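The values are calculated or read from the model by the stated rules, or taken from the named source; none is laboratory data. The structure displayed is predicted, hence computed values, not measured ones. Using ideal geometry, Cβ is built from the backbone for each residue, glycine included, and neighbour counts are taken over all protein chains shown.
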């Protein structure tokens with residue numbers, strides 16, 4: 001087969017989320033299916049930054065407005081955007097639809113996102129959803145037939161080794177500082193925790209309404225124990241995962257929640273939300289709380305701080321749970337969807 005993939009979102013100097021997914025899928029498919037050809041398609045803004053293909057079965061192509069029609073069996077839109085049908089069959093990956101369900105972005109962005117999501121659903125033969133939660137949202141919010149939605153979860157790369165690093169009295173959060181991530185309640189929960197524990201917020205401080213979060217931290221009585229790192233490159237993030245003792249991710253809405261699985265893969269006990277895809281992704285290997293209840297967040301963190309055996313129990317459960325989510329699995333299941341669609 002000849003598969004064209006929208007590689008636009010793989011071009012990111014500070015990759016996270018969709019950029020990581022795009023890179024893992026593009027590289028994994030080319031390595032796994034050497035007898036097939038893959039076209040990595042870039043929009044004009046990304047074309048100059050496109051890397052040279054490292055595999056003999058990969059070619060770069062330019063997506064021009066209007067989109068070119070490729071001589072391809074399948075076109076895979078890796079981030080719920082399809083401008084027209086550029087191949088015989090079209091698949092879109094939907095990561096989340098929180099923009100349509102909450103005020104987590106500007107009104108202009110919500111309108112543009114909603115139009116793109118509806119357009120992608122209209123032009124797709126099948127949709128890959130990254131969780132059962134996202135699958136339900138695609139069906140309910142976009143009216144897409146449930147029988148044409150496949151669930152292919154995100155993955156995680158298991159650590160190659162365990163460094164000789166001691167766990168510190170550190171609670172770690174990974175993600176951009178923005179309203180949806182519920183960082184304000186996490187910061188407020190610090191008021192109820194022992195004074196010798198600190199909170200590290202690892203992520204860009206430029207998300208939606210990040211200024212409110214930064215102001216709250218500045219006014220907090222625990223501000224000396226709260227660190228905002230900014231974007232953290234993978235090597236430094238790896239160290240934070242090994243140094244922390246607890247991982248906190250009480251996000252209000254997620255289509256999957258890669259940081260939860262990453263933390264589990266590093267042996268960290270996790271506190272996360274009991275809603276959206278996080279209830280599904282965390283499973284029975286995490287403490288789940290109502291993310292709108294600051295007291296519940298604080299109580300869960302206090303419980304883990306005071307109960308070392310429980311931390312160890314959740315760490316072991318998390319390692320086992322994270323083993324279900326690999327990028328190799330994502331690649332295999334994506335290829336199964338291609339095979340189904342091609343007949």
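Could you check, for the stretch 280-295, whether at least one of its residues is in a helix (DSSP H, G or I) and modelled with pLDDT under 95? Yes, because at least one residue in the stretch 280-295 is in a helix (DSSP H, G or I) and modelled with pLDDT under 95.
Entry remark, the stretch 179-229: residues being on the phi > 0 side of the Ramachandran plot and at pLDDT 95 or above number 1 in total.
Being crowded, with 19+ Cβ neighbours inside 10 Å and within 20 Å of the chain's Cα centre (by Cα) is the filter here; which residues of the stretch 180-225 pass it? Selection gives 180, 181, 182, 183, 186, 200, 201, 202, 203, 207, 210. Selection of the stretch 17-32 for residues being buried (at least 18 other Cβ atoms within 10 Å of the Cβ) and in contact (Cβ under 8 Å) with a residue 60 or more places away in the chain yields 17, 18, 20, 21, 24, 25, 28, 29. Where strands (runs of 3 or more DSSP E) sit wholly within the stretch 39-109, those with at least 3 residues that are in contact (Cβ under 8 Å) with a residue 60 or more places away in the chain, within 22 Å of residue 134 (Cα to Cα) and in contact with a strand residue (DSSP E or B) (Cβ under 9 Å, 6 or more places away or on another chain) occupy 74-77, 89-94.
Considering the conditions (1) more than 16 Å from residue 76 (Cβ to Cβ); (2) out of contact with any strand residue (DSSP E or B) (no Cβ under 9 Å at 6 or more places or on another chain); (3) at pLDDT below 95, residue 9 is excluded by exactly one of them, (1). Screening the stretch 127-223 for helices (runs of 4 or more DSSP H) wholly inside it with 2 or more residues that are out of contact with any helix residue (DSSP H, G or I) (no Cβ under 6 Å at 6 or more places or on another chain) and assigned by TED's automatic domain parsing to the domain that holds residue 279 returns the ranges 210-219. When residue 157 is tested against (1) at pLDDT 95 or above; (2) surrounded by 13 or more Cβ atoms within 10 Å (Cβ to Cβ), only condition (1) is not met.
All conditions in (1) more than 21 Å from the chain's Cα centre (by Cα); (2) under 26 Å from residue 331 (Cβ atoms); (3) buried (at least 16 other Cβ atoms within 10 Å of the Cβ) hold for residue 119, with the sole exception of (2).
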